[in-house]
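The values are calculated or read from the model by the stated rules, or taken from the named source; none is laboratory data. Keep in mind the model is a prediction, meaning the values are calculated, not measured. Positions of Cβ are generated from backbone atoms using ideal geometry, with glycine treated the same way; all protein chains shown enter the neighbour counts. Ligands, DNA and RNA are excluded from the accessible area calculation, which covers all protein heavy atoms including side chains. Shrake-Rupley method; radii C 1.70, N 1.55, O 1.52, S 1.80 Å.
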Amino acid sequence: MLAGISKPVQGKIEIFGQQTSQLEQAASGKLRSKIGYLSGVSPVLSTQHGLMNVMLPLLYHGKLSFRETADKARALMDELNCNFEPTAFPAMLSSFQRSQLALARALILNPGLLFLDVPFNDLDARQREKMGKLLGKYKQHRAVCMIGGLQYTHFLEQYADQIIFISEHKIIIFNSWRALMQSKEQEVKALLSIPPSLA
């Protein structure tokens, strides 16, 4: 719902000043082309090779020819250090390589807003740190919203402009990772005491 993929059952969600529940199909598609979405539960397509996985959003929104789309996807994969055969299928790749593909697919439309919904949850600590560096490289000129990002403390410490803590009882806004870490709130302390792999 936050990324404009599903309409909210109640309440209002505005993205770029547009209320998502009131958009017609064409306007909704145009808005979606400005938003990258990456989730730990929406993996790359196993029936398509890596390059095609990255190309699909751009092909769907019909902005470039097939050749131009392939060239742009290859260039983006190179920038993300995808050091594997572009036409390899996901089953032939490691978890980290599939995560690189998923990130490239989310970035291919050069979105102004990138949603990361508990991403890369199958990576180990060292791989998450590498992925955090890649994310930091692409933060410029776009807003990044990371949901459930405690596994990416290095990324949050370096790049977070705002952290929103939400529980059943309250919503607290912090202007930095340091401010979150110094919070005296018991619920915040309890969350921070959970190992990152379980958060």
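Computed values, structure above
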quantity	calculated
Shape box of the chain [Cα atoms, principal axes, largest first, Å]	55, 42, 28
Local net charge near Ile171, Cβ-Cβ under 13 Å (Lys/Arg +1, Asp/Glu -1)	-2
Given charges at Cβ of Lys, Arg, Asp, Glu: the chain dipole, positive-most of Gln10, Met92, Ser46	Gln10
Reduced Cα scattering model of the stretch 131-188, Debye log10 I(q)/I(0), q = 0.15, 0.22 Å⁻¹	-0.45, -0.89
Restraint check, Lys34/Lys189; Lys137/Lys170; Lys7/Lys130; Lys72/Lys133; Lys30/Lys137, Cα-Cα greater than 31 Å	Lys34/Lys189; Lys137/Lys170; Lys7/Lys130
DSSP-loop trypsin sites (Lys or Arg not before Pro) across the stretch 71-175, with at most 11 other Cβ within 10 angstrom	Lys170
The chain, accessible area per residue, ligands and nucleic acids excluded (1.4 Å, Å²)	59
Calculated Rg and Dmax of the stretch 104-166 using C-alpha coordinates, Å	11.3, 31
Computed Rg/Rh of the stretch 1-80, alpha carbon atoms with Kirkwood Rh	1.03
Helix 50-60 vs. the chain, principal-axis angle (Cα, 0 to 90°, nearest 10)	90
Top of Phe89, Phe155, Phe174 by mean-square fluctuation, Gaussian network on the chain, Cα under 10 Å	Phe174
Among Thr153, Thr47, Thr20, residue whose mean-square fluctuation peaks in a GNM of the chain (springs only between Cα atoms under 10 Å)	Thr47
Percent accessible area from carbon and sulfur atoms, the chain, protein chains only, probe 1.4 Å	52
Helical mean residue ellipticity (222 nm; -39500 (n - 2.57) per DSSP H run of 4+; nearest 500) of the chain	-11500 deg cm²/dmol
Dipole in debye (nearest 20) - the chain, about Cα centre, beta carbon charges: Lys, Arg +1; Asp, Glu -1	280
